[in-house]
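Below: the structure, in structure tokens.
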Amino acid sequence: MGIIKILAKTRKEKGNLFEEFMEIILDHVGYKDFRRSYQKAGRQIDLRAKHKVTDQPIICECKAHTEKIGSGDINKFYGIYDQEYHRDRRLVGLFFSLSGFTSTALNAYDERDSIVKRRFKLYNGSFILSILREAKMIASDDKLDHILAARIKNVLGKRFLIHTRRGTYWVQLIKTNDEITHYTVLGPQGEEVPTYVCREIRAVDTNLTNLELLDLQARRKILCNLLDGLNKTTEQISKEANESAETVLLSLQDLQVQNLVVFSEESQTYHLPRELSTFVDLARRFLGEENEMEFFLSSYCESMTKTTLPDYIEQRFGLELKPKQKETLLRLITVSPSALHEALFGPTELYKTPLQEVQKFKLPQKERDSITASVTASLLGKLLKKLIVDLEKPVSKTILKKRNIEGYRTRILIALATLDKPYLSTEEESVVMFLPARGEIQLGQLLSVTNFDLFIRLGLIVAHLGHHERAIEYYDRAISNLSDPDKLKAAWNNKGLSLVSLGKYDEAIFCYDRSLELDGQLKEAWYNKGLACALKGDHRMAINCYDKALGIDSNYRKAQEARQKSVHKLEKPTVE
């Protein structure tokens, strides 16, 4: 799409804007020392500059007419250029016309001497667009198509670039039933644009006068406002989103057409539909964009993720996940926006193709299961990599705290090899914990605190992360400095749990006894002591401990089940 417009209220202002626009472009491609609209030999030259490196001078004619430029204007500028060229043989003449040139003018230009054409050049709007893209000043058509496809379901019409006193923007025309009915405005890289800028553009472009504005920024703010899952009136949304009632109503009507909001006649309110297709559409709009966190941490996203997504993702990749794998998938996509995006929009061929091949051949079930397990592990591994990347971002702490996660542990093993020998093998591990009023600490970092029950919390976190030796150090620190019986019994009990995980059953039993000395009615300590006794093979003592726990709470299900196992072990005959 090679259309460029310069929008202004008067012809003079339009000319000045185009010169300004070209100055910006030429600056990006290596020119400096600009002089605009100056008189030379009784004639006006639009723009003069020289190259930043070679100092080669250029003079430019800039035309922003709606009609194509004919031979007369070209010849007039060439006459000025030719006079200048005889004074400075390095001079280059550039004629820029947004509307292009007539065929007659181009034929006449083609007949000029090749040497002249190397120093006197004609450029149309398409060429200017190519310069802007090469200089990364505007988005590509592919990028704009991708951005708009995620936000607009209507058929798109023509798109053109405009330059106004406020800057450079894209204007996209939108069709309804094959008729151009709406327009929307984007920034040069596809950014959303405030409503007042969109309306200012319509005020100076008569082609937009009878079209409705499809306000992308207002729609995004309205959708964000409804992410809390509540039903809201137009007035509520207008107040909370800080948009006019008229803008909100028009945007809501358009969002209804796209099935992104639902209107309740009874309550006269709007809300987001709890349908999978709507959720996926919203995820495409928000993930990776400005309001990603607002969407990802919203009540709406949390509810939809838990209720419908695991089955959908399983189906999308053609997998049959086991309950534990499905739980892992759910946990990954609820703590990592990148993992959720990959699960919803990432390519599926890598996973589907091997499974489809398996179906073609009559492989033994064991081999089929092995291939399926490998494909599933590959997907979960990909999502895990996305999580690791997200953990490096500052916003990850907000997500983890929202999910009540107090710390995390990463272990990365990398092994590289050539045909002849191993090339690299290294492993790195880190543990990060979050503490109130302190922020983030790394494992092993010295802490200076007087609130020693904090070490019980630290012990629990690192124990859940698998660092039981470090957990025991934290529990010992708490035990040495606390006097509160309630906190001490928790510290002794938790230390016992970590000792059991390390296979130190006698030491664990000692810790449970210390906890029970402080509170003989602590059913968890009796139950944990019973487990330690059972693990070391003393099932009679284990049953006695379970009975103590059940004497405190007869409905203690874990103690009931553990007791049955120990009874079964005692009743099972031993082989001499």
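Take LEU211 and tell me if it is touching a residue at least 60 places away in the same chain (Cβ under 8 Å) and in contact with a Ser or Thr (Cβ under 7 Å, 6 or more places away or on another chain).
no
Which of (1) within 49 Å of the chain's Cα centre (by Cα); (2) within 17 Å of SER566 (Cα to Cα); (3) not basic (Lys, Arg) is the odd one out, the single condition GLY537 does not satisfy?
(1)
Looking at GLN560, GLN521, which one is of a type outside the set (Val, Ile, Thr) and more than 24 Å from PRO485 (Cα to Cα)?
Of the residues listed, the single one that is of a type outside the set (Val, Ile, Thr) and more than 24 Å from PRO485 (Cα to Cα) is GLN560.
Name, by its number, the condition in (1) touching a Ser or Thr at 6+ places or on another chain (Cβ under 8 Å); (2) under 21 Å from LEU287 (Cα atoms) that does not hold for HIS182.
(2)
Is one or more of the residues making up the stretch 296-315 buried (at least 16 other Cβ atoms within 10 Å of the Cβ), within 13 Å of the chain's Cα centre (by Cα), under 26 Å from ALA149 (Cα atoms) and not aliphatic (A, V, I, L, M)?
Yes, the stretch 296-315 contains at least one residue that is buried (at least 16 other Cβ atoms within 10 Å of the Cβ), within 13 Å of the chain's Cα centre (by Cα), under 26 Å from ALA149 (Cα atoms) and not aliphatic (A, V, I, L, M).
Does LEU391 qualify as being among the aliphatic types (A, V, I, L, M), in the same structural domain as LEU350 (by TED's automatic domain parsing) and at pLDDT 85 or above?
Taking the combined requirement at face value, the residue satisfies it.
Which condition number in (1) within 22 Å of ASP311 (Cβ to Cβ); (2) in contact with a Leu (Cβ under 6 Å, 6 or more places away or on another chain); (3) not small (Gly, Ala, Ser) is the one that VAL261 fails?
Every condition holds for VAL261 apart from (1).
When you go through ARG274, ARG284 one by one, which is the residue that is without any contact (Cβ under 8 Å) to a residue 40 or more places away in the chain, assigned by TED's automatic domain parsing to the domain that holds GLU240 and among the basic types (Lys, Arg)?
ARG274
Results for (1) touching a residue at least 24 places away in the same chain (Cβ under 8 Å); (2) under 30 Å from GLY157 (Cα atoms); (3) in the same structural domain as ILE24 (by TED's automatic domain parsing); (4) not in a helix (DSSP H, G or I), shown as yes or no for each residue.
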residue	(1), (2), (3), (4)
CYS60	yes, no, yes, yes
GLY72	no, no, yes, no
PHE77	no, no, yes, no
ARG90	yes, no, yes, yes
PHE95	yes, yes, yes, yes
ARG118	no, no, yes, no
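Scan (1) of a type in the set (A, V, I, L, M, F, W, C); (2) surrounded by 17 or more Cβ atoms within 10 Å (Cβ to Cβ); (3) more than 23 Å from the chain's Cα centre (by Cα) for the single condition ALA343 breaks and write down its number.
Result: ALA343 passes all but (3).
Among the residues of the stretch 402-433 satisfying the criterion of being closer than 18 Å to ALA463 by Cα and not in a strand (DSSP E or B), which is farthest from the chain's Cα centre (by Cα)?
Per the stated criteria, the residue is GLU406.
If I ask for residues that are surrounded by fewer than 17 Cβ atoms within 10 Å (Cβ to Cβ) and either in a helix (DSSP H, G or I) or charged (D, E, K, R) (or both), which ones from the stretch 26-35 would you list?
ASP27, HIS28, LYS32, ASP33, ARG35
Per-residue answers, yes or no, for (1) farther than 23 Å from GLY288 by Cβ; (2) loosely packed, with under 13 Cβ neighbours inside 10 Å; (3) outside the structural domain of GLY318 (by TED's automatic domain parsing); (4) in contact (Cβ under 8 Å) with a residue 12 or more places away in the chain:
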{"site": "ALA377", "(1), (2), (3), (4)": "yes, yes, no, no"}
{"site": "LEU380", "(1), (2), (3), (4)": "no, no, no, yes"}
{"site": "LEU383", "(1), (2), (3), (4)": "no, no, no, yes"}
{"site": "ILE405", "(1), (2), (3), (4)": "no, no, yes, yes"}
{"site": "TYR408", "(1), (2), (3), (4)": "no, no, yes, yes"}
{"site": "ILE412", "(1), (2), (3), (4)": "yes, yes, yes, yes"}
{"site": "LEU424", "(1), (2), (3), (4)": "yes, yes, yes, no"}
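Residues of the stretch 380-432 being under 26 Å from PRO310 (Cα atoms), aliphatic (A, V, I, L, M) and in contact with a helix residue (DSSP H, G or I) (Cβ under 8 Å, 6 or more places away or on another chain), which ones?
Of everything in the stretch 380-432, those that are under 26 Å from PRO310 (Cα atoms), aliphatic (A, V, I, L, M) and in contact with a helix residue (DSSP H, G or I) (Cβ under 8 Å, 6 or more places away or on another chain) turn out to be LEU380, LEU383, LEU384, LEU387, VAL389, VAL395, ILE399, LEU400, ILE405.
Scan GLY187, GLY167 and give me the residue that is more than 25 Å from PHE345 (Cβ to Cβ) and among the small types (Gly, Ala, Ser).
Only one candidate passes the filter, namely GLY167.
Give me a count of the residues in the stretch 518-570 that are among the hydroxyl-bearing types (Ser, Thr, Tyr) and in a helix (DSSP H, G or I).
3
The values are calculated or read from the model by the stated rules, or taken from the named source; none is laboratory data. Owing to the predicted nature of the structure, the values given are computational and were not obtained by experimental measurement. Cβ: placed from backbone, ideal geometry, glycine included. Neighbour counts: every protein chain shown.
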